[in-house]
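The values are calculated or read from the model by the stated rules, or taken from the named source; none is laboratory data. In this text the structure is predicted, and so the values were computed from the model without any measurement. Note: ideal-geometry Cβ built from the backbone for every residue, glycine included; neighbour counts use all protein chains shown.
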Amino acid sequence: MTLVERTPPVAPPADAAPRRRRPPAVLRWTALRLVALAVLLAAWQAVVAAGVWPRVLVPSPAEVWHAFVEASTVHDGVRGHSGYLLTEHLAVSLRRIGTGTGYAALVGIPLGLLIGVVKPLAVVLEPAVTFLRTLPPLAYLSLLVIWFGIDESPKIWLLVVAALPPIAAATAAAVRGVPGDLVEAARTLGSGPVTLLLSVRLPAALPEILTGVRIALGVAYTSVVAAETVNGVPGIGGMIRDAQRYNQTDVVIAGIIAIGLSGIVLDALFRGVERLTVPWRGRR
C-alpha cells in the first residue's frame, strides 16, 4: 500500500497586507470627469485673471454662475430673464424640440422604409432627402417666416425639416441592411410584401432607426437657437438672442451651458429607452 504525501497548505506571511479593492468603475469615471471639469474651470479663471480678453467678452466662471442664478430666480422684482425663469425658457425649447422631432419621426420613418424597399421611390426621393440634409437651418428660416409668420409654426417647421433627413436616411440604410437570409426565410414561410416589411424588415432595422432618431434629436438641439431667433421668447434660444443684443455674455454662456446639460440628460434618457426597446442590440 502506497502512502501519498500531502503537501500542507502554505500559510500567508504574517506581514502580508490584504489586497485593496479597486473602486467601482462608475466612481472612477465620475472622479475623472470631476477632475477634468475642475481643470477646465481653473484654466478659464486663469485666462480671465490674465486679462487676455476684456471681461465683457469672456466673463469669469463666478459671473456666469451669478447670471445663471439670476436667470433662474426672482430678484429685485425681476422674474428671471425677459420675464421668464430659465427653467421656463428651457421647457418651451424642449417642447418645440420634442414636437419637431416627433413630427419628423412620423414622416421620416415611413419615408425611409419606402426609400429602402421601393427602388423607383429611392431614385426620386433620396436626392431630395440628401438635399435637405445639407441645408443649414438659417438657409430656409426666412422662407418659413414668409410662409407661416412669426408665431410658433415656423419654429416647429424648421425643426421638422432639420430632423427629418437623418431619420429618413438612417431608416433607409437600416432596411437595406437587413440580412437577406432573414428576408428569404420569411418569404419561404409565405410572408407577403406588407407582412415582410412590418414583421421582418422593420423589427430588424429598429435599432438603427432609433439611432437615426437620436441623431435627429441632436440636430434639432443644434437648430433650436436658429429657430428661436424670430420671436423666440420664451425659449432658451430667444433668451440667448436677447442677451447677445445687449452684450450680456454671461447670460449667453449660461444659456449655452443649460442647453448642453439638458442635452446630456435627454440623450441619457433616450439611450435608456433604446435599451428597453431593443434589448438585443449589440448581442449575437
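Would you pick out the residues in segment 257-269 that are surrounded by fewer than 15 Cβ atoms within 10 Å (Cβ to Cβ) and either over 22 Å from Val56 (Cα atoms) or modelled with pLDDT under 90 (or both)?
Gly260, Leu261, Ile264, Val265, Asp267, Ala268, Leu269
Need at least 3 residues that are among the small types (Gly, Ala, Ser) and either more than 25 Å from Arg241 (Cβ to Cβ) or touching an Asp or Glu at 6+ places or on another chain (Cβ under 6 Å) (or both) per element, so show me which helices (runs of 4 or more DSSP H) inside segment 60-140 make the cut, counting only ones lying wholly within it.
Of the helices (runs of 4 or more DSSP H) lying wholly inside segment 60-140, those with at least 3 residues that are among the small types (Gly, Ala, Ser) and either more than 25 Å from Arg241 (Cβ to Cβ) or touching an Asp or Glu at 6+ places or on another chain (Cβ under 6 Å) (or both) span 86-117.
Scan segment 64-84 residue by residue and report those that are surrounded by fewer than 17 Cβ atoms within 10 Å (Cβ to Cβ) and not hydroxyl-bearing (Ser, Thr, Tyr).
Trp65, His66, Val69, Val74, His75, Asp76, Gly77, Val78, Arg79, Gly83 - these are the residues of segment 64-84 that are surrounded by fewer than 17 Cβ atoms within 10 Å (Cβ to Cβ) and not hydroxyl-bearing (Ser, Thr, Tyr).
Out of Ala162, Ala205, Ala169, I need the residue that is of a type in the set (A, V, I, L, M), at pLDDT 90 or above and either out of contact with any helix residue (DSSP H, G or I) (no Cβ under 7 Å at 6 or more places or on another chain) or more than 30 Å from Asn231 (Cβ to Cβ) (or both). Which one?
It is Ala169.
In segment 148-183, what count of residues is obtained for those that are among the hydroxyl-bearing types (Ser, Thr, Tyr) and within 17 Å of Pro207 (Cα to Cα)?
Final tally of qualifying residues: 1.
How about segment 151-236: which helices (runs of 4 or more DSSP H) wholly inside it have at least 2 residues that are under 23 Å from the mean Cα position of the chain (by Cα) and surrounded by fewer than 22 Cβ atoms within 10 Å (Cβ to Cβ)?
By residue number, 153-176, 202-227.
Are there any pairs with C-beta distances below 6 angstrom linking a residue in segment 141-161 that is more than 19 Å from Ala105 (Cβ to Cβ) to a residue that is assigned to a loop (DSSP other than H, G, I, E, B) and modelled with pLDDT under 90, with the two at least 6 apart or on different chains, and if so which?
Filtered contacts from segment 141-161: Val145/Val230; Ile150/Val230; Ile150/Asn231.
Only residues in segment 87-116 that are under 16 Å from Ala169 (Cα atoms) and touching a residue at least 40 places away in the same chain (Cβ under 8 Å) count as the first member; pair them with residues that are assigned to a helix (DSSP H, G or I) and among the acidic types (Asp, Glu), Cβ under 8 angstrom, at least 6 apart or cross-chain, and list the lot.
As it stands, the answer is Ile115/Glu126, since those pairs meet every condition given.
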